[in-house]
Structure formats: C-alpha cells, structure tokens
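Just below is one structure, and these are the notes that go with it.
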Amino acid sequence: MKYNFRIPALFIASALVVSTCADSSESTTIVDEKPEFKPTKIKAPFLEQFTSDWSSRWSPSSATKETKEGGETFSYVGKWEVEEPHVYPGIKDDKGLIMKSAAAHHAISARLEKPLDNKDKTLVIQYEVKFQDGLECGGAYLKLLTESEKGIQAVEFSDKTPYTIMFGPDKCGSTNKVHFIFRHKNPLTGLYEEKHLKSTPSATISKLSTLYSLIVRPNNTFEIRVNNESVKTGALLEDFTPPVNPPKEIDDPSDKKPEDWVDDPKMDDPDAKKPDDWDEDAPYEIPDEEAKKPEGWLDDEPSNIPDPEAKKPDDWDDSEDGDWIPPSVPNPKCEEAPGCGKWERPNKRNPDYKGKWYPPKIDNPKYKGPWAPRKIPNPDFYEDLTPSNFEKIGAIGFELWTMQSNILFDNIYVGHSEEDAREFAEETWGVKHSIEKAAEAAEFPETEDETPSSFFETIQKHVNEFLEIFYDDPLEAFKEKPEVAGGLGGLVVILFLLLGVLLNLLSPPKKASASHKKTDEPTPDDEDADNKDDASASKDDSSEGKGAAKKRSKTPKDT
C-alpha cells in the first residue's frame, strides 16, 4: 500500500508590506559639525525647551503614592536632571528633562502662566521622548493637570491629582500603547469619569527622539501622530470607553418575562415514537470477526526490549538509587515483521449502531419570539455634544514609574495652533532626527543578513498591534487590521495541514499484508498482479507469502 502525500502550495496574500521610504534630504554620514541650540520664537500657552532657567518652572513632588493592592506606600524618590543626551546627541547644547533613576517613582510638574481654556478651540499636545537605555517596563506619558480653586500644588502632585488629559507611550510586558485618556464631568452628578481610547496605537520604543502629537479639534475629532505620521484618527463621541454619553433608554429593571412566555421556536414532535427495531444500547464498534492475525506476527516478542548496549553507570548505588533498569529500545525483530506482542482483533463500525433516539423537531405553535425587557427612559441620561471643551488645564506633569533610567523629554508644546506645532517640530525634532538617524546608521550599518530580521520584526509589530486591539475589541481589530487577521487565518490553516501530514508520517505504518491476510480474499491489486504475471503463481506459496509480507512492510518507508 503506497502513501501519496500531496502538500498543496498555500500562499498568504500578505498585506503586511511595509514601505520604507528614505528621505533624500537625510545624510547617511555623521554630521561632524552639529547645529547649535537656539530657543524658538514660537509662542504658546505652554512651551518648554528646558533652558537654563528650567528649575524656576518645574518642581519635583514630595508626595507619596499608595498602591491599590496591599496598601504599600511609595515616595517619589526618582531623580530629575536637565542635561544633553548621551545617546545620539543631535543639536549642540540642546538639553532635555531626564528621569535618572531606574525602578523608581518620579513626579514633577510645571504650572501654566494662566489656565488653558479649550472651549471651541483646537487643542494640540506635542513632545519628544528619547529612550536612551531602551524601555522594557515603564511609562513616558504626560498629564495635563486640571485647574482647581486652590491651584496646582507641585509638592503634592501624585497619581491622585486630577488631570484633564493623559497622553503618551507606555510599555510593560504585553502592554505597548500610546495612551489617550480624558476625564469627563457628568453634568448631572458632577462626578468625573475616565474615558479611554478603545484601540490605541503602539508606542515607538527607540533610542532616537520620537515625536508624539495629539490634536483634538472643536468638531470632537482627534488625531494621534508619531514622528509626524498619522497613526490613529477618530471621534470623542465614538471611540472611547465608557462612552461619553449614556444611552437614552435602558431596560426596565422591574419588567419580568411572563411564566407562559415560549421563546423556543422548535419543540419535540409529540406524535413521534421510537421505532421498535431501534436499539439504543448497540455499541458504536464491534470486533471484526473476519479479521485474521497476519502471518509472521511475533506473539512472543515485545515491541521494546532493554538496550543490550546500555551499561549501568559506575556511580550507581543500588541501595540508594534502586535497581538499575536499562533504557528500552525498539525490538529489531519487529522491524521486518507485521507486528509484535499479543495480537488483538481490530474493531469495525457496528452496522446496527443508531445511538440514542430523539423525537424529530417541529415548529412550536406557542412560540412568541425572543423575550426582552421593555425599554424605559434612562433617568441618568445626558447629552454632551462638545466633550472637546475639556476642563481647564492648569499645569503639565510627569507622574511615572520606570524600570529603565535616562528617559529624556524635550520640546513640549501645548496650545491651539496645528501650524505652530508643526513649525516647532520642524526646527527641533526635524533637525535632530536626521542627525540621530545618521549616527545610528553609522554605529549599526545595515547588511544583507539583517534584512530578514528587520522584516520579521515588522511583521511581529503588526501582529502585536492586532492582538492589543483584539483584547479590547475583537471586531475593531478585524476592521483596523484585516490583513493581519487574514494572514493569521491562513497561517492557522497551513499549520493544521502540516500537522496532519506530520502525524501521518509519524504514525506507525499499516502493513499492507495485514488487510489481505485478515480476509484471505484477493484484493483487486492482487488479481491484476496475478493476471499480468502468471509466473509468480508457480513459486512456492510459503516463500511467496513471506517475501510479500516483507516487501509490503517496507512499502511505506520506500514511498
């Protein structure tokens, strides 16, 4: 019996094609003469470049933080410094705010000259992050702190301080996202609730300066950009959980399903009866009485025997280690035989098997359809059509924990002008980014061997983004990244097919002689062979049988 395996050629039409366009203006050589830092002339409600007078604006926190689990208290002991980057410096004398302590809680804030009111305006939040030592676990997001009657108390700044917006990268374990959270005030109760972006983009973890931008427009739409490229767009009224506005109607909690309500469209046919010849106890399989033990079956030979070449280790102590037993190896006598050990009659499907009898289903005449409680007006309903009119902002703060040190922040812009923010980015991040890339390229020149690694890292990034979305909202994941869903689906199909082929190859081969010997009836192949070659019939029966069995037992290996 031959095994013919046909493995179909399967292709995943991968839409994970990442086009990397190199800007012709970027040089691949390190710039020996770096440009010198010059403060920008752009104005904004809040703009920070961490010049020499930075300490007059920024104040570290002296507060403590209590964990949710266990009630353990931590102090914000993480050190802050303003200095030039030590990894790929881009602009001479350009300094940034750096978290200096690893595995520590950090908190620092700076007040705005006057509270920022975003009513009917565009809000732009933009800043740079540079992970000089990489990032395995930690946050690098900023908070726009909510203005209060007593004002922002920098020394008391902690995780409990009310904020209006939280925006920026966060990574730890499987979490890798760009947060966008805003606190919204319930106009009925006056209570605040956090609204989280449902499908967040992935953070860019790099030793190069990365530019993060958030734009919220008066029409309640938003856009997130990373390095001036749009990575997420949406609407405040549609893409956040819990939603800004509660539903107009809710289920009536007092409404109960009537006891006589029938919501099953089908029912058992009351007139149906089990046939008299229906045997529910008949087994699914029965022994094959026509099967016969193949000739040459070695009843007295085990399938495995102790390894005759194995020797007891010299340091084996029977009193402490017990009796030494050599390892088992396949019995060489069984390799050419149809089988070894006790032969058991195989089973075959019972032709009389019918299983448990069930009456057929018919339409339920009492069916009323699926029941649902009636709707009533939601007493907690309100409608805020302008959630982009955020609570007033009084300060900017970083309240973070990180396992890596030397995370640098620079060139913070908070204002209302997309054009000013873009121009500010061009004269800061745009200048240093090209220099940093050239320095990185010189340190780690690309080679042909690195290309496949880069490709698979790109695929892994897309898959991680898909899974991150999938955990929060499976439907949204399929909508945003259908190419990843299709690719993973195709991969699953290929894995199952390959697994089936592998199991077929690894499973013990069925002996071709066994089926012939079980029935002692010639198969069509045997009849054809006898018709084509009468000479073989004149050979000694015992010799022919032994040779045929031997040949058939090798057939699966030969194929």
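Summary table
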read-out: Pairs of Lys in the range 287-389 closer than 26 Å at Cα, counting only those 8 or more apart or on different chains; value: 11
read-out: Prolate/oblate/rounded label for the range 52-109 (Cα gyration tensor, a/c 1.5); value: oblate
read-out: Anisotropy class of the range 94-149 from Cα gyration tensor, a/c 1.5 cut; value: prolate
read-out: Full-extension gain in nm, residue 248 to residue 174, via 0.36 nm per residue minus C-alpha separation; value: 23.0 nm
read-out: Summed residue charge, Cβ within 14 Å of residue 135's Cβ, Lys/Arg positive, Asp/Glu negative; value: +1
read-out: 20 Å reach of a label modelled at residue 460, 7 Å along Cα-to-Cβ, counting backbone N of the range 171-197; value: 171-178
read-out: Centre separation in Å (Cα based) which lies between the range 177-191 and the range 47-122; value: 23 Å
read-out: Approximate spin-label separation residue 363-residue 73, in nm, with each point projected 7 Å along Cα-to-Cβ; value: 7.3 nm
read-out: Members of 100/232; 92/437; 43/437; 185/461 lying beyond 26 Å, as alpha-carbon distances in this model show; value: 100/232; 43/437; 185/461
read-out: Cα gyration tensor of the range 137-189 - equivalent ellipsoid semi-axes, whole Å, descending; value: 24, 16, 8
read-out: Reference-scaled alpha-carbon Rg (2.2 N^0.38 Å with N residues) for the range 99-206; value: 1.18
read-out: Rg/Rh ratio calculated on Cα atoms of the range 146-244 (Kirkwood radius); value: 1.00
read-out: Restricting the range 316-364 to trypsin sites (Lys or Arg not before Pro) in coil, as DSSP defines it, with at most 11 other Cβ within 10 Å; value: 342, 356
read-out: Sparsely packed GluC sites (Glu not before Pro) within the range 212-277, loop by DSSP, other Cβ within 10 Å at most 14; value: 238, 259
read-out: Given 34/207; 177/207; 160/392; 392/432, the pairs whose alpha carbons are separated by over 22 Å; value: 392/432
read-out: Compactness of the range 258-403 as Cα Rg over 2.2 N^0.38 Å, two decimals; value: 2.52
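No lab work stands behind these numbers, since they all come straight from the coordinates. These numbers were taken from a predicted model, which means no experiment stands behind them. Quick reminder, even Gly has a Cβ in these numbers, built from the backbone with ideal geometry, and neighbours come from all protein chains shown.
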